[in-house]
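Chemist: Take a look at this one; I'll ask things after.
The values are calculated or read from the model by the stated rules, or taken from the named source; none is laboratory data. Just so it is clear, the structure is predicted and the values come from calculations on it, not from any experiment. For neighbour counting, all protein chains shown are included, and Cβ atoms are generated from backbone atoms with ideal geometry for every residue, glycine included. The area values use the complete protein model at the heavy-atom level, side chains included, leaving out ligands, DNA and RNA. Shrake-Rupley method; radii C 1.70, N 1.55, O 1.52, S 1.80 Å.
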Amino acid sequence: MKPTYLMDDIQWQQLIDNVADHFTDVTIKRGFQYFKQGKVKEFAMPDADHIAAVVDGSELYEVDLHLSAFAASRCTCPVHTNCKHMIAVLLNYANEQERSVHALVNAHSAGFTRLVAKADTRTTPPSRSNLSPDHKETTRNALSKTASKIPDMPISEWHDLFDQCIALNHVNTQNSQFVQSALASIYAVKPPLSPGMQQLYGLHAHLRVLEKLVPQSSMPGYPSHTYMGYYTQIAADELKEAIDRDFESPLELTDEPMQEARMAETLAYLRRKMLTESRNGTYFSDAYYQFWLYWVHPARQDSSIYTEELQHLQAAEEDLGTTLARLPWMLARSWMHIFQSQDNEAWVLLQEAERAFPLKISSNQLLLFLQALRKAENWARLKDGLRHIGPLLHSHRDDHLQDYIHDWDLVLQHLPEAEQDMWDTLVGMLPFAGGMYEEALLAHEKWRSWIDYQLSIRSEPLSFRVSVLQPIEKNAPELLLPFYHQAVERYVLEKNRASYKAAVKLLKRLFKLYKKMKQESRWELFFTTFTSRHSRLRALQEELRKGKLLS
């Protein structure tokens, strides 16, 4: 849901300034951790200036924020004001406003950059970025006149115009403020455009500024890492998020004379940037795939466009020579085969890429393969894709694995008979997909398989929440017996007070299980043998008495 009260750019800059003025950098970083962990539990805006929220700290704290009067803001935590709970709420506010969370987190560095820029005007030799206001205005008017011809200009000339706009910036440090200033300069000269051209204008503005931040490949093959500063990395990631948003809306198709030529030029630009991208990230690669997935593929059902792209990719090997980034090149060819329903060829190329560059394929790119198959709504193809993609997701984040398992759930809704294929694939993904495998077993009520897996990896029963074990205790309590018994013996062998206490906790659970199963006699036999066998362990005997298992 969109927020009721929307801040403008002036209010956003004022908020960044206020955060820099009222909060220390350490407090901001701690608040950022709270925000990332989802500790803002309630959030409301009674009016445009007032935020009321609840943050889960060591207890629940109420935060009362006044955006235009920070000094009047309060929190019920012991600090009362200018605390990490307030920062968490402000970051939540920025996120709801679709503003850059990282810009707020780096409020202090943004303020420092402004001070440096002001100081530099006294010592820096004259350049376009520090021309007099009148001269700047004259230059901007000339650029606006050039921009009025954009409907008749090729994309390459758009980029030349954007470069001239960016050169007017007073900010030269490659950080979030540089990006905001560069984009503001580009949008300041934008003439009225049709909806489709406006979308392309926004995309290319983001891409051209991104190009100023991300170094390109200068090494053969898949090039070695080129250093990006911390704040440059943040700025590049923010731009990537903006590009992702560009593709959220379908491209408005028009019959403008140059529309198809502009699409072809955009594709050629993205292809070139992707095929010379360094290891700093997959910024241009991801934009290339999304361009195909969201703007080209829905509008072009003619398969010849994919054949042509394969030809362009093949020709790139000779054209780019040693500057060709081979991993993106191999992945793009595989991608084109997917669009032509040539899945076997796609998987062969993907496996070759994995062998040539082990552990280097990003999970984002792998999941885009699945997204293309999901959009095609061919569930047999998606199942086959899941079988091939799954083993390549090693060492990637849990959230990507969750996206992966959701695709399996979708397949099973349409192809219930594919369930065994899913289990075989998940088992083949162990151990890195252990957490996902466990959750899938519980979701499908595979109690015995879940217990067998826990026994095989020597899991600690006490590490699980009660809610995880309750369904098993209710439906198959006998399966928990070996799980608990094995852990009890392991705790006793550790021979320390803490392990004895853990053993007693589990023994109490065992007693309840045997009682629930109406097998008290089996419990008595086990417990008598157990206490006799460990009668010389006085600390254990004491803990058993404290736990009221021994009189």
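Chemist: Charges only on Cβ, +1 for Lys and Arg, -1 for Asp and Glu: so what's the dipole of the chain about the Cα centre, in debye to the nearest 20?
Modeler: Numbers: 61 positive and 69 negative charges, 661 e Å.
Dipole of the chain, to the nearest 20 debye: 3180 debye.
Chemist: Tilt of helix 107-120 relative to the longest C-alpha principal axis of the chain, in degrees (0 to 90, nearest 10)?
Modeler: So the inclination is approximately 30 degrees.
Chemist: Taking R0 as 22 Å, what's the FRET efficiency between K548 and E524 from their Cβ-Cβ distance, rounded to 0.05?
Modeler: Working: r = 16 Å, r/R0 = 0.71.
After rounding, the FRET efficiency stands at 0.90.
Chemist: Among all the aspartates and glutamates, which ones have a C-alpha under 12 Å from K29's C-alpha, if same-chain residues fewer than 8 places away are not counted?
Modeler: Within the straight-line limit of under 12 Å, K29 reaches no aspartates and glutamates at all.
Chemist: Which one of N378, V411, P215 has its Cα pushed farthest toward the positive end of the charge dipole of the chain, where Lys and Arg give +1 and Asp and Glu give -1 at the Cβ?
Modeler: In the chain, that residue is V411.
Chemist: Find me the longest stretch of the chain that has none of the exposed trypsin sites (Lys or Arg not before Pro), where exposed means in a DSSP loop (not H, G, I, E or B) with at most 10 other Cβ atoms within 10 Å. Show your work: numbers first, answer last.
Modeler: On the way: sites that count: R122, R397, R458, R465, K518, R536, K548.
The longest uninterrupted stretch comes out as 123-396.
Chemist: Can I ask one more? Relative to the longest principal axis of the chain, what angle (0 to 90°, nearest 10) does the C-alpha long axis of helix 25-36 take?
Modeler: That works out to roughly 70 degrees.
Chemist: If you don't mind, there's one more thing I want to ask. Under a 1.4 Å probe, what is the accessible area of the chain per residue, stated in Å²?
Modeler: Details: 27520 Å² over 551 residues.
Solvent-accessible surface per residue comes out at 50 Å².
Chemist: Using a 1.4 Å probe on the protein heavy atoms, what percent of the accessible area of the chain belongs to carbon and sulfur? List each step's numbers first, then the result.
Modeler: Values: 14060 of 27520 Å².
Carbon and sulfur: 51 percent of the exposed surface of the chain.
Chemist: Report the gain in length on full extension from H444 to S144: 0.36 nm times residue separation, minus Cα-Cα distance, nm rounded to one decimal. Could you put the intermediate results ahead of the total?
Modeler: On the way: separation 300, 0.36 × 300 = 108.00 nm, distance 6.13 nm.
The span from H444 to S144 would gain 101.9 nm if fully extended.
Chemist: Related question: Going 7 Å from the Cα of E96 in the Cα-to-Cβ direction, what parts of region 40-58 have a backbone nitrogen less than 14 Å from that spot?
Modeler: 40-55
Chemist: So if I place +1 on the C-beta of Lys and Arg and -1 on the C-beta of Asp and Glu, and nothing else carries charge, what would the dipole magnitude of region 327-380 be about its Cα centre? I want it in debye, nearest 20.
Modeler: Working: 5 positive and 5 negative charges, 32 e Å.
That gives region 327-380 a dipole magnitude of about 160 debye.
Chemist: Helix 379-389 versus the longest principal axis of the chain: what is the Cα-based angle in degrees, 0 to 90, to the nearest 10?
Modeler: 80
Chemist: Give K212/K240; K190/K240; K505/K548; K145/K273; K508/K548; K474/K518 a once-over and call out the pairs whose C-alpha atoms are over 18 Å from each other. Present the calculation step by step, with values, prior to reporting the outcome.
Modeler: On the way: K212/K240 13 Å; K190/K240 21 Å; K505/K548 11 Å; K145/K273 29 Å; K508/K548 9 Å; K474/K518 14 Å.
Table pairs above 18 Å Cα-Cα are K190/K240; K145/K273.
Chemist: Just the accessible area for L104, please: 1.4 Å probe, Å², rounded to the nearest 10?
Modeler: Its heavy atoms expose roughly 0 Å² to the probe.
Chemist: OK, next. When Lys and Arg each count +1 and Asp and Glu each count -1, what net charge do the other residues less than 11 Å away from D384, Cβ to Cβ, add up to? Spell out each step's value before the answer.
Modeler: Numbers: positive: R381, K383, R387; negative: D343, D421.
Result for the neighbourhood of D384: +1.
Chemist: In addition: Of the listed values [x] 43, 27, 24; [y] 40, 33, 21; [z] 53, 35, 20, grab the one calculated as semi-axes √(5λ) of the Cα gyration tensor in Å from the structure here.
Modeler: Of the listed options [x] 43, 27, 24; [y] 40, 33, 21; [z] 53, 35, 20, [z] comes from this structure.
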